[in-house]
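The values are calculated or read from the model by the stated rules, or taken from the named source; none is laboratory data. Please read all numbers here as calculations on a predicted model, not as lab measurements. Don't worry about glycine lacking a Cβ; one is built from the backbone with ideal geometry, like all the others, and counts go over all protein chains shown. Note: areas computed on protein heavy atoms with side chains; ligands, DNA, RNA excluded. Shrake-Rupley method; radii C 1.70, N 1.55, O 1.52, S 1.80 Å.
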Amino acid sequence: TAAAIVPLGMAFIGDNVPYRERQAVLARFLTGTIMGLVGGQVMGGVLGDLVGWRAVFLLLGGLFLLVGVLLQIEARSPRVPPPVLTGSIRPAALVRGYALLFGRAWARVVLATVFVEGFLFYGAFTFVGAYLRHAFGVDYAVVGLLLGCFGIGGGIYALSVRRLMARLGEHGLALGGGAILMLGFLVVAFGPLALMAPAITALGLGMYMLHATLQTNATQMAPEARGLAVSTFANALFLGQAAGVWLAGTAVDRIGFPPVFAAMGVALMGLGAAFAHRLARRPGPS
């Protein structure tokens with residue numbers, strides 16, 4: 001679902017919102033995702049304790065099926081205009097589009113950065129819940145409540161993005177996001193249970209500071225092929241996420257949770273600093 005909805009939303013915003021306003025508009029667009037993160041983490045933990053983890057997956061499957069049926073009904077209703085294809089999907093046209101995209105140095109930077117971001121962040125964050133259960137022995141409801149703090153951090157970003165942009169600029173958001181991510185993962189790795197809620201909240205804030213900056217740049221890296229550009233951006237993120245979870249899972253089995261969290265956090269600081277450096281040297285698009 002995210003692979004379809006997020007690129008469509010990004011492309012629409014890129015086509016209709018001036019670049020200087022895009023970060024704030026994207027933040028509002030992400031509000032629904034943030035609310036879903038908070039609600040899903042909390043309810044998943046609570047239901048896991050009440051009915052067991054297997055029933056949670058069955059419930060989620062049923063909800064997705066219901067949403068799919070409702071979307072299908074809505075898509076066939078007269079309220080929804082028929083789709084209009086504005087570009088060719090022939091193989092030759094797609095090859096030309098990808099050649100145009102990857103032929104631009106800045107597009108390669110953005111795509112490589114979001115791949116590494118997905119690799120590092122999700123490679124670590126995926127195992128935070130398992131670590132809380134393993135290290136502190138808390139029940140699933142508490143794990144869900146703590147993980148829901150990630151969405152709170154995202155909400156803080158969404159509410160303060162205009163002030164953050166005015167004060168820090170894009171390069172400051174990328175650098176600050178990387179620094180906050182490093183701090184959050186270090187606290188998760190070595191801190192007591194009492195600090196887990198603020199640390200995970202910080203992870204939400206830092207992730208959205210860095211990722212939303214990347215998203216905003218993705219909408220402008222190929223304006224004449226924006227749909228292709230933002231869908232490739234999303235694909236790079238998901239590929240990085242899959243690779244990071246696989247490698248981090250292998251590393252957790254061998255060296256434990258804290259070293260993986262610490263290494264990924266430090267690497268995210270380096271990634272944020274590197275992208276901020278490139279942004280500072282690049283003339284801002286209009």
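Taking the stated definitions as given, is G244 among the small types (G, A, S), closer than 18 Å to F102 by Cβ and modelled with pLDDT of 90 or more?
Details: among the small types (G, A, S): yes; closer than 18 Å to F102 by Cβ: no; modelled with pLDDT of 90 or more: yes.
No: the conditions fail for G244.
Looking at I156, is it under 16 Å from the mean Cα position of the chain (by Cα) and either open to solvent by 40 Å² or more (accessible area, probe 1.4 Å) or farther than 22 Å from G118 by Cβ (or both)?
Working: under 16 Å from the mean Cα position of the chain (by Cα): yes; either open to solvent by 40 Å² or more (accessible area, probe 1.4 Å) or farther than 22 Å from G118 by Cβ (or both): yes.
Answer is yes for this residue.
Among A263, A248, A243, which is the only one that is under 12 Å from L120 (Cβ atoms), without any contact (Cβ under 8 Å) to a residue 40 or more places away in the chain and in contact with a helix residue (DSSP H, G or I) (Cβ under 9 Å, 6 or more places away or on another chain)? Steps first, answer last, please.
Numbers: A248 fails: without any contact (Cβ under 8 Å) to a residue 40 or more places away in the chain; A243 fails: without any contact (Cβ under 8 Å) to a residue 40 or more places away in the chain.
A263 is the lone residue from the list that is under 12 Å from L120 (Cβ atoms), without any contact (Cβ under 8 Å) to a residue 40 or more places away in the chain and in contact with a helix residue (DSSP H, G or I) (Cβ under 9 Å, 6 or more places away or on another chain).
When region 105-149 is examined, which residues are found to be part of a helix (DSSP H, G or I), touching an Asp or Glu at 6+ places or on another chain (Cβ under 6 Å) and either open to solvent by 30 Å² or more (accessible area, probe 1.4 Å) or of a type in the set (V, I, T) (or both)? Don't jump to the end; show me each part of the working.
Our first condition is that a residue be part of a helix (DSSP H, G or I); within region 105-149, this holds for 105-125, 128-136, 140-149.
Subset that is touching an Asp or Glu at 6+ places or on another chain (Cβ under 6 Å): 140-141.
Passing the criteria: only Y140.
M165 - would you say it is among the aliphatic types (A, V, I, L, M), over 18 Å from A124 (Cβ atoms), in a helix (DSSP H, G or I) and open to solvent by 50 Å² or more (accessible area, probe 1.4 Å)? Step through it out loud before you land on a result.
Details: among the aliphatic types (A, V, I, L, M): yes; over 18 Å from A124 (Cβ atoms): yes; in a helix (DSSP H, G or I): yes; open to solvent by 50 Å² or more (accessible area, probe 1.4 Å): yes.
Yes.
I need every pair where a residue in region 140-161 that is free of Cβ contacts under 8 Å to residues at least 24 places away in the same chain has its Cβ under 7 Å from the Cβ of a residue that is open to solvent by less than 20 Å² (accessible area, probe 1.4 Å), sequence separation at least 6 or different chains.
none
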